[in-house]
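Scroll down for the structure; my scribbles are underneath it.
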Amino acid sequence: MNQTGILLARHHDREALRRALRTNRAEKVRRGAYRSRRPSTGDRFRDADDLARARTLAVAAQLRHVWVSHESAALLHGLRLWQPPDRVHVVQKYRASSASADDIARHRLDLTEDEKVLIDGVATTSLERTVVDCCVALHPLLALVIADHALALGMDRAAALAVLDARRDPRGRRRARLVLELADPGAESAWETWLRYIVVRAGLPRPTVQLQVRTPHGDYRADLGWAEFRLLAEFDGRVKYTPGALGPGHDADRALFDEKRREDHVREEDWGVVRVTASDTPDEVEARVLRRLPPATREALTPLHMLPPPPHHPAVPRAAPARPARPPRPTRKAGPR
């Protein structure tokens with residue numbers, strides 16, 4: 001087993017490996033790569049992130065002369081993702097063979113020496129290059145989630161824009177620049193980024209992230225808001241209202257009470273509050289926020305058509321499609337039997 005915790009079949013006794021699998025001491029990560037079996041965290045999305053990272057480390061150990069890139073590099077940099085990548089992304093100089101694995105996405109791109117780093121011994125694209133590649137290749141929301149967190153971890157926005165400008169291929173550059181300009185280090189979750197993406201796409205003025213509101217009872221902070229409209233928008237994650245969800249000392253009832261009192265204090269200062277949950281559709285969120293704006297402001301909005309609708313999140317169950325109404329049964333005419 002190497003320093004990343006990945007065990008390669010080609011470097012190990014096959015019979016010992018089969019025994020470890022039979023006794024659940026090891027688990028398969030991908031073809032030819034294994035690791036010690038780990039207990040579930042109880043959060044299937046955190047487990048999926050962990051497995052995606054292990055798969056990335058396995059590919060990096062199995063292939064030679066490649067650099068981990070795109071969302072896979074974002075995982076190694078510790079960045080938030082909207083959802084784990086379904087393939088491992090690498091940059092390589094040689095063309096893939098016809099027998100190459102379908103769980104690897106290979107990119108033939110030029111990397112400067114400044115765009116190459118080692119993370120725990122794994123060859124990876126630099127933070128700025130990783131974010132730029134994601135901004136060019138991914139849906140803008142997915143890229144914005146990554147760019148928000150990268151800025152919070154210290155990425156230089158100007159350096160990332162310079163990497164973008166240096167790309168030879170101009171495709172995707174305009175939208176990638178918009179994502180980098182919209183990125184904000186204040187977002188504390190992917191869902192907060194989602195909420196901001198929706199209102200910006202609708203054409204609203206760019207909100208202030210983590211807006212501070214002063215009241216006689218203390219200062220409060222909202223996920224985002226517009227001081228000019230005295231309007232706040234909050235993403236309401238249900239986890240903080242679930243007993244024990246944030247650790248053994250977490251009091252869900254107290255959290256709910258404090259949140260209610262906090263909102264009462266804010267409303268007493270003539271601030272409007274729009275609460276949003278993961279079950280709300282983007283159209284519902286947009287409509288509820290727009291209803292709180294002055295009519296003249298609503299009429300003057302220009303939606304950002306360069307930003308497509310946000311994709312569905314795998315954590316949220318899709319609503320079942322409505323069943324078409326059954327046609328009425330034909331009435332039987334009375335007749336001889």
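The values are calculated or read from the model by the stated rules, or taken from the named source; none is laboratory data. On a predicted model such as this, the values are computed, not experimentally measured, just so you know. Neighbour counts run over all protein chains shown; Cβ positions are idealised from the backbone, glycine included. Just so you know, the surface numbers come from the protein's heavy atoms only, side chains and all, with ligands and any DNA or RNA stripped out. Shrake-Rupley method; radii C 1.70, N 1.55, O 1.52, S 1.80 Å.
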Discussion item. Going through 186, 154 one at a time, which residue ends up being within 17 Å of the chain's Cα centre (by Cα) and farther than 20 Å from residue 313 by Cα?
Written reply: 186
Fill in: Among the candidates 23, 41, residue that is modelled with pLDDT of 85 or more, hydroxyl-bearing (Ser, Thr, Tyr), open to solvent by 60 Å² or more (accessible area, probe 1.4 Å) and out of contact with any strand residue (DSSP E or B) (no Cβ under 6 Å at 6 or more places or on another chain)
23
Response to the item:
Taking first residues from region 192-217 that are farther than 22 Å from residue 267 by Cα and second residues anywhere that are surrounded by fewer than 16 Cβ atoms within 10 Å (Cβ to Cβ) and of a type in the set (Ser, Thr, Tyr), the pairs with Cβ under 6 Å that are 6 or more apart or on different chains are 203/302
Worksheet item: If you go through region 208-218 one residue at a time, do you hit one that is among the β-branched types (Val, Ile, Thr), open to solvent by 20 Å² or more (accessible area, probe 1.4 Å) and modelled with pLDDT of 95 or more?
Response: yes
Fill in: Residues that are open to solvent by 20 Å² or more (accessible area, probe 1.4 Å) and part of a loop (DSSP other than H, G, I, E, B), drawn from region 155-185
156, 166, 167, 168, 169, 170, 171, 172, 184, 185
Fill in: Criterion (open to solvent by less than 10 Å² (accessible area, probe 1.4 Å), at pLDDT 95 or above, farther than 17 Å from residue 168 by Cβ and not in a helix (DSSP H, G or I)) met by exactly one of 117, 131, 90
90
Worksheet entry | Residue that is under 26 Å from residue 316 (Cβ atoms), crowded, with 17+ Cβ neighbours inside 10 Å and either touching a Pro at 6+ places or on another chain (Cβ under 7 Å) or without any contact (Cβ under 8 Å) to a residue 24 or more places away in the chain (or both), where the choices are 52, 74 | 52
Discussion item. Of all residues being in a loop (DSSP other than H, G, I, E, B) and hydrophobic (A, V, I, L, M, F, W, C) in region 265-306, which is surrounded by the fewest Cβ atoms within 10 Å (Cβ to Cβ)? Just the residue, please.
Written reply: 306
